[in-house]
Amino acid sequence: MFNLITLKDTIRIDPSMFGEPLQAAAYLELRDKYEGLVDEELGYIISVIELKVNPNGRIIPGDGGTHHPVVFEILTFFPQLQEVIEGEVVEVADFGTFLRIGPVDALLHVSQLMDDFISYDERQGVLLGKESGRTISRGDVFRVRIVAVSFPRGRSSGKIGVTARQPMLGKLDWILAEATGEEEEQEEE
């Protein structure tokens, strides 16, 4: 889930930035400090959106910079357990696929793909369902449910696990075919 969150902080404007407009200098400081962070409470911080910086800064003895209170808005992505989300396959491996959901990749393990024996064709870079004939390759779009989330601190990406083994989940082409009855027609022929 994407969120807009308002935060307050005090930022330090380096003396090298004194010739720049205060708003621009504060924006650069906030971007360096927050963008790309992963936090248990905020999620994945994607971008600083808006900011209001107090022009009255403080000078701390021994520090040439100025310190300004700032109120700003950030865009975050916070994956929640049981959330249904769509993502694109960005990598296929023998153990499963990685789906791009928001700003991160989630693991869709082969055991969570479908009710079928799955083999990996390394030459073509695809996963193949033995009975169903279904294939999974880079660029496919899946609807999945988030079943595991771990948030590390700092700038590492954390881990997200997803499943497609529930009704109305899986590759969007499969869902559409199932909903329109095309799969049943193909099986009858």
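Screening Val71 on (1) aliphatic (A, V, I, L, M); (2) farther than 29 Å from Ser137 by Cα; (3) exposed (fewer than 12 other Cβ atoms within 10 Å of the Cβ) shows it passes everything except condition (3).
Summed over the stretch 11-51, the residues that are exposed (fewer than 12 other Cβ atoms within 10 Å of the Cβ) and farther than 21 Å from Pro103 by Cα give a count of 5.
Restricting attention to the stretch 78-91, does a residue exist that is surrounded by 17 or more Cβ atoms within 10 Å (Cβ to Cβ), at positive phi and touching a residue at least 40 places away in the same chain (Cβ under 8 Å)?
no
Output the residues belonging to the stretch 1-10 that are of a type in the set (Lys, Arg) and surrounded by 15 or more Cβ atoms within 10 Å (Cβ to Cβ). None - no residue of the stretch 1-10 is of a type in the set (Lys, Arg) and surrounded by 15 or more Cβ atoms within 10 Å (Cβ to Cβ), so the list stays empty. Return yes or no: is Phe117 at pLDDT 90 or above and within 30 Å of Glu40 (Cα to Cα)? For Phe117, the condition - at pLDDT 90 or above and within 30 Å of Glu40 (Cα to Cα) - is not met.
Looking at the stretch 130-144 only, could you name the residues that are surrounded by fewer than 17 Cβ atoms within 10 Å (Cβ to Cβ), at negative phi and either of a type outside the set (Asp, Glu) or in contact (Cβ under 8 Å) with a residue 24 or more places away in the chain (or both)? Matches in the stretch 130-144: Lys130, Ser132, Thr135, Ser137, Arg138, Val141.
If you go through the stretch 112-129 and pick out every residue that is in contact (Cβ under 8 Å) with a residue 40 or more places away in the chain and over 22 Å from the mean Cα position of the chain (by Cα), you end up with 2. Scanning the stretch 150-184 for residues that are touching a Gly at 6+ places or on another chain (Cβ under 9 Å) and under 18 Å from Gly133 (Cβ atoms), we see that the one that is modelled with the lowest pLDDT is Glu178.
The values are calculated or read from the model by the stated rules, or taken from the named source; none is laboratory data. On a predicted model such as this, the values are computed, not experimentally measured, just so you know. Every residue, glycine as well, gets a Cβ built from its backbone with ideal geometry; the counts of neighbours run over all protein chains shown.
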